[in-house]
Structure formats: structure tokens, C-alpha cells
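Reading through the C-alpha cells given below for one structure.
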Amino acid sequence: MGTVHARSLEPLPASGPDFGALGEEAELVEVEPEAKQEILENKDVVVQHVHFDGLGRTKDDIIMYEIADVFKAKNLIDVMRKSHEAREKLLRLGIFRQVEVLIDTCQGDDALPNGLDVTFEVTELRRLTGSYNTMVGNNEGSMVLGLKFPNLLGRAEKVTFQFSYGTKETSYGLSFFKPQPGNFERNFSVNLYKVTGQFPWSSLRETDRGISTEFNFPIWKTNHTLKWEGVWRELGCLARTASFSVREESGHSLKSSVSHAMVIDSRNSSILPKRGALLKINQELAGYTGGDVSFLKEDFEFQLNKQLLWDSVFSASLWGGMLVPIGDKPSSIADRFYLGGPTSVRGFSMYSIGPQSDGDYLGGEAYWAGGLHLYTPLPFRPGRGGFGDLFRTHFFLNAGNLCNLNYGDGPKAHLQKLAEYIRWSYGAGIVLRLGNIARLELNYCFPMGVQSGDRICDGVQFGAGIRFL
């Protein structure tokens, strides 16, 4: 139960250091257990009071939402379980450094024979906290510095400033986060940001300055995100050798879009799951709330994991997406899909599948990618039960395609084009799980179905990231 403590309900001993030994001439007195303690052990109980020690700027109402279920407990075990759940909810708010729980018999004139008092001893976070850490993205790393103002108004609000410097991207942003009292999964946030990214596979540099608002909420077993984003984008050439197609895309644009994301995730881990499934569906509509960019974009991600014999895991993944420009203006290179690399279709260089011009990859308006994987323990299980369990042997088969569609044609023509020139690869390697942060892969790849203009990585390929096909 973590740090949930219940004081002993056993009767006090008849002898001991505080009582001394009974002499032969002493009158023998039969010590009976307290009636209250006997009732607490064998019958239902009532939680009469819940106390908090250590509260400062935190408001009472948000605390009451999180501990309300403690009063519904009917027996001692139920009290301990619900107190533990309340402790987890309080820690999830992100406003306490430490939460401990003490369960004791009720004292006072109004005490019932079966009454209990529950005390939460909390330590609030400071008004200003700082952090320094490193993050791993899809085949890139970054250093992150942050300042945080937790529990700003006393109801778990949070203001965060964050600066990130990475191998391909530099960003800074200011965000405000507000959860709904009693339902932390239902929350609202506002973000101001500037992001500068380099995309060498396209000889492109992009700087985004924007504002976004998000509303997150659960419905049954699904989690939803509604988002509005307004961003001023500046595209430029990363090198003098950039192709004419990339130079044509250079300049400024203003995108205003609304989007919706739905996620169903039953996996036991997001990094290297052994069981469970993931379904993620995204829709984005740009242009109807302003700006000079108009399109409809849909994409999905599906993953299924099944544990087999000898601690082996079979995994199947499928990705897909389509972007439809609205109006006469073609889609932007910044909005299209990209495919290829150690985190998607292995055996190909990063985002080096599909339409290209003079060696610069321009992305596509439609794609699909699928993968079959078998993860097994290392041969002979070195380091079993310890460091060796972080490693897995990896066998894979990947396939996919990225292209542009003629939307005047019907769905049958679209499917035929997506089925043409399929790139695929197979191979084997080693996977290292870095806690719940990221994972590293070192694979030996055999790329197949290579088309003119594709850039391959035949042989050893290294990948690092969070999201893998």
C-alpha cells in the first residue's frame, strides 16, 4: 500500500518494559481487549474524520474531490485501499512532493466504537521549481530546461516555461494547464511557442510561432483531445544546394486549424509492450478558421501485442494517412507525410521514401506502413532478473508506400497507386528499453523493393525514439 500506515489494533501486552513483570504476591487481573479494537478487527467500520497536515496554498475544495471515496469505505481493508487510491490521486495532481497516510481509531466525544480517523500528511511543492533533463525523440535527442509554477492559484493550475535545444530542433514555450477538480483527465491548456527545426532530408528549415489551446477528456475507454492552433510558419532553404521545388515552398504562411484525436490504449507499456493494443485516430481541418492554408488531414495508428511462449512477444502494427488540399492551392511541404528510417520502414534512410527532387524529399499526400515483429529474450538469458531483461532480440518485416494521389480518380485508383512500388525490408537486431523514456534499436536490415530516388541503409542501422512501427 505504499506509505499507507495503520496503527496496530492488537490489544496492549499485559507485561513488558512499561509494565514490569508481575510478582507472585501481585493480584492477577485479567486484561480484556478493548471493545473498540475487537470491533475494528472483526466488523465494519466508519471513517468519521479525514485530516490534512501540511496544506498551505492548496484550496480545500479540490482536495475534497480526491478523497471523497475514503468516506465510502466499509471495512478496514477497504479503508486502506481507498486511502491508497486517494494518495495516488493527490500525487497525480502534481502539487505535492510527498503524501503519507495514517489510519487510526477515532478519538473524542463524538467517536463511534467502530470509527476511524484518516490523516494525510502532505508536503507541497515550492512555488517555483526548475528542471533539467534530456529527451529522446524519433532518432534525435535534446536538452530541456524548464521553470514551473505549480499550484499557482491553489487548484492544481500550472504555468510552465520550457526551453529545448536538440540535434534537429530548438524550441521554447510558455503554457498554462488547468485540470477539472475531481477529474484530472479532463483538463484545459493554452500554449505559446516558437519552434525552429532543420530537416536535412528535404534541405528545409522551418520556424513556427504559434498559439494553441487543448481540451482533453475521457469518454468510456477512450481519451479525446480537441485542439485549435494558429501558427505563423516561415520556411527556408537549409543549404545552397536545395532543389528548386524546395525553394518554391520557401516563404511565410499562416495556418489556423482545428483537430481531434482519439486514443484507446490497453498496452502494459508504451515503449516495449508485451500485451495490449493501441488505436489512435487523428483528424485536422485547416482553413475554415482563418489563415491561407486549407486542407483536410486524416491519419491512424494501430498496434497489437501478444505474449507467446518462453517470454516471447509478437507485435503487429499498421499506420496510414491521407491529406486532401481544399481549393486550388497545392499542399505544403510542411503538412505532408514522410516515411522511411529506423523508426518506420527500416532499411531506408530517414524519410527517404517517395516523391523527391534532386535528392530532396518532398513528402506525400497519402501513405501506409505495416510491420510484423517478434521480440524474444537474449540467447541463454544473460543477466536474467536484472540488467539483461532490458534487452530483447528483434526480428522484423516492414512494408509501406508513400505517394501523391489524383483526387479526381476514384477510391479504386487510389488503392492501386498505394499498392504500387511497395518498399519492404526484413532483418534482425537488438532492442534496449530505457525505462519508460525511450528505446534503442540496432538492426541488420535487408531493404527490398527499392525504387529510383530512394536512399537505403543496407546493413547495420541504429534507431532511437518513442514511436516505432
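The values are calculated or read from the model by the stated rules, or taken from the named source; none is laboratory data. Predicted model, so just to flag it, every value in this text is computed and none were measured. Note: ideal-geometry Cβ built from the backbone for every residue, glycine included; neighbour counts use all protein chains shown. What goes into the accessible areas is simple: the full protein's heavy atoms, side chains included, and nothing from ligands, DNA or RNA. Shrake-Rupley method; radii C 1.70, N 1.55, O 1.52, S 1.80 Å.
Annotations
- Between LYS72 and ASP328, the C-beta separation translates, for a Förster distance of 60 Å, into a calculated FRET efficiency of about 0.45.
- Per-residue ellipticity at 222 nm from helix content only, as computed over the chain with -39500 (n - 2.57) for each DSSP H run of at least four residues, stands at -3000 deg cm²/dmol.
- Pairwise label distance in nanometres, ARG81 with ILE211, each label 7 Å out on the Cα-Cβ vector: 4.8 nm
- ³J(HN,Hα), Karplus 6.51/-1.76/1.60, whole Hz, each residue of segment 110-124, x for Gly, Pro: 8, 5, 8, x, 10, x, 10, 10, 10, 10, 9, 9, 10, 10, 6
- Check: the chain dipole with +1 on Lys, Arg Cβ and -1 on Asp, Glu Cβ, in debye: 2380 debye
- On segment 340-402, 66 percent of the accessible area sits on carbon and sulfur atoms, based on a 1.4 Å probe.
- Span-like helix ranges in the chain, DSSP H, alpha carbon extent 15 angstrom or more, Kyte mean at least -1.0: 76-92
- For the chain, accessible area per residue (1.4 Å probe, heavy atoms of protein chains only), Å²: 53 Å²
- For segment 305-384, the Cβ-based charge dipole about the Cα centre amounts to some 540 debye (Lys, Arg positive; Asp, Glu negative; other atoms uncharged).
- Here the label points at LEU55 and LYS412, each 7 Å from Cα along the C-beta direction, are separated by 6.9 nm in the simple model.
- Charge dipole of segment 46-124 (Cα centre as origin; +1 on each Lys and Arg Cβ, -1 on each Asp and Glu Cβ, all else neutral): 360 debye, rounded to the nearest 20.
- For a straight C-alpha distance cut-off of 30 angstrom, the lysines reachable from LYS89 (same-chain residues fewer than eight places away being disregarded) are LYS43, LYS59, LYS72, LYS74, LYS148, LYS158, LYS178, LYS221, LYS227, LYS274, LYS280.
- Think of the chain as having a plus end and a minus end, set by charges on the Cβ of Lys, Arg, Asp and Glu; of VAL101, VAL46, GLN307, GLN307 sits farthest toward the positive end of this dipole.
- Per-pair calculated FRET efficiency, R0 = 25 Å: ALA428 and PHE387 via Cβ, rounded to 0.05: 0.70
- Matching label, semi-axes √(5λ) of the Cα gyration tensor in Å computed from the structure shown, candidates (1) 56, 28, 20; (2) 45, 32, 18; (3) 37, 31, 18: (1)
- Peptides ranked, highest mean first, by Cβ atoms within 10 Å: ranges 422-431, 230-239, 346-355, 119-128: 346-355, 422-431, 230-239, 119-128
- Cut-off 17 Å, label 7 Å out along Cα→Cβ of LYS178, residues of segment 218-236 by amide N: 226-228
- Averaged over residues, the count of other Cβ atoms within 10 Å places the peptides 334-345, 400-411, 50-61 in the sequence 334-345, 400-411, 50-61, highest first.
- Label zone of PHE300 (point 7 Å out along Cα→Cβ, amide N under 19 Å): in segment 314-329 this covers 316-324.
- Atom-type composition of the exposed protein surface of segment 46-124 places 49 percent of the accessible area on carbon and sulfur (1.4 angstrom probe).
- Local electrostatic count, ASN404, Cβ distance below 9 Å [Lys/Arg +1, Asp/Glu -1]: +1
- Once the C-beta distance of GLN107 and TRP310 is scaled by a Förster radius of 56 Å, the resulting FRET efficiency is 0.50 to the nearest 0.05.
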